[in-house]
1. Among the residues of region 195-205, is any exposed (fewer than 15 other Cβ atoms within 10 Å of the Cβ) and basic (Lys, Arg)?
2. Among the numbered criteria (1) buried (at least 16 other Cβ atoms within 10 Å of the Cβ); (2) without any contact (Cβ under 8 Å) to a residue 12 or more places away in the chain; (3) of a type in the set (D, E, K, R), which one does Arg108 miss?
3. List, please: which pairs have Cβ atoms under 9 Å, are six or more places apart or on different chains, and start with a residue in region 211-228 that is more than 21 Å from Asp147 (Cα to Cα) and more than 9 Å from ligand 1 (Cβ to nearest atom) and end with one that is at pLDDT 95 or above and of a type in the set (Asp, Glu)?
4. Going residue by residue through region 286-301, is there one that turns out to be of a type in the set (A, V, I, L, M, F, W, C), crowded, with 21+ Cβ neighbours inside 10 Å and under 21 Å from Ala43 (Cβ atoms)?
5. Being among the small types (Gly, Ala, Ser) and free of Cβ contacts under 8 Å to residues at least 60 places away in the same chain is the filter; apply it to region 84-105 and report the residue that is surrounded by the fewest Cβ atoms within 10 Å (Cβ to Cβ).
6. Which of the following residues is on the phi < 0 side of the Ramachandran plot, acidic (Asp, Glu), surrounded by fewer than 18 Cβ atoms within 10 Å (Cβ to Cβ) and within 20 Å of the chain's Cα centre (by Cα): Asp27, Asp78?
7. If Thr234 satisfies all but one of (1) touching a residue at least 40 places away in the same chain (Cβ under 8 Å); (2) assigned to a loop (DSSP other than H, G, I, E, B), what's the number of the condition it fails?
8. Give me the residue from region 241-284 that is of a type in the set (Lys, Arg) and part of a strand (DSSP E or B) and, out of that set, nearest to ligand 1 (Cβ to nearest atom).
Amino acid sequence: MSKAGTPRHDPVPIGEVAEPPFVRLPDPSRIFAERAERFAALANGHPLAPYLRFLSGLSAAQHRAQAGISAPELPPADAIARAREFGMPPLDRHRFTASSEFDATFDRLLQLAGEIEKPAAAAAALARVAGADPGRREAMIRNVLSDSIPAEALADHVYVAAAMQLHFVRLAAQLDDKKLVPVGDGACPACGAPPVSSMVVGWPRAHGTRFCACSLCGTLWNYVRIKCTICASTAGIAYQEIDGGPGTVKAETCDSCKSYVKILHQQKDPALEPVADDVASLGLDLLVRESGYRRGGVNPFLMGY
Ligand SMILES: [Zn+2]
Ligand SMILES: [Zn+2]
């Protein structure tokens, strides 16, 4: 494990001024398909291979479950405008109510999840979720949307979280990116959820800038570097990584709130994906926790954290 003080910024190509957009909204036709591919690639030779392959299948199911089921409807325009006026996210996850489209998408996702290869624990969890009565399903949805998944039912909530991601990604994709405003530290401007990880991107005109990735709706929001993505402190920020690794996934630790969020250097490796690479770098979590920091990023697919 190495600890660096002030990291070096990647040089911005000459003649190019970085002008990152405030947000990049998710594309439902690509986000889950690309995540499925990344999980599959990460599974090769990985100690968590069976689980990563299962998550690849589940991401592919999230992609396929969209076919033939219409996207959920955005809240009314005046409600979105009012949220903006008060610095609130337009898609308030705490006000979620199920619609017939939502129920249909959830059921379709569970059906497709039944067809993928999975560890025995994941199969047992799927049977429990599929057989859950409406009250139990509703309670699990609340757990996911309030980031309070009970440790003893993590495997069940993986499917519920997948359904909620699918719903919120399809919603967020319909928002007007020009009308989103910051809603507070560590909160997605579209839905208010915390980040799963953050990413330094290599995009044209935004090279070397950093974006937080929403754990729920997949929206990316611009966030300056060397600043805690949870409490916004700029003092006491340091970086940890696994010795001998490629240096593309680090933990940004904050001494003010004693938390850390991973930072993926996608400008060095375009294949990095905010959710998949977070799960696959579990070893980094174990190292950073040893030095007394708690996880600030939320990822319902990261078993045990
Ligand atoms: Zn979000
Ligand atoms: Zn902090």
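The values are calculated or read from the model by the stated rules, or taken from the named source; none is laboratory data. Note that this is a predicted model, so its numbers are computed, not measured. Backbone-built Cβ (ideal geometry, glycine too); neighbour counts: all protein chains shown.
1. Within region 195-205 (the criterion being exposed (fewer than 15 other Cβ atoms within 10 Å of the Cβ) and basic (Lys, Arg)), the answer is yes, since at least one residue qualifies.
2. Arg108 satisfies every listed condition except (2).
3. Matching pairs, first to second residue: Arg225/Glu252; Ile226/Glu252; Lys227/Glu252.
4. yes
5. Only one residue fits best here, namely Ser100.
6. The unique qualifying residue is Asp27.
7. (1)
8. Lys262
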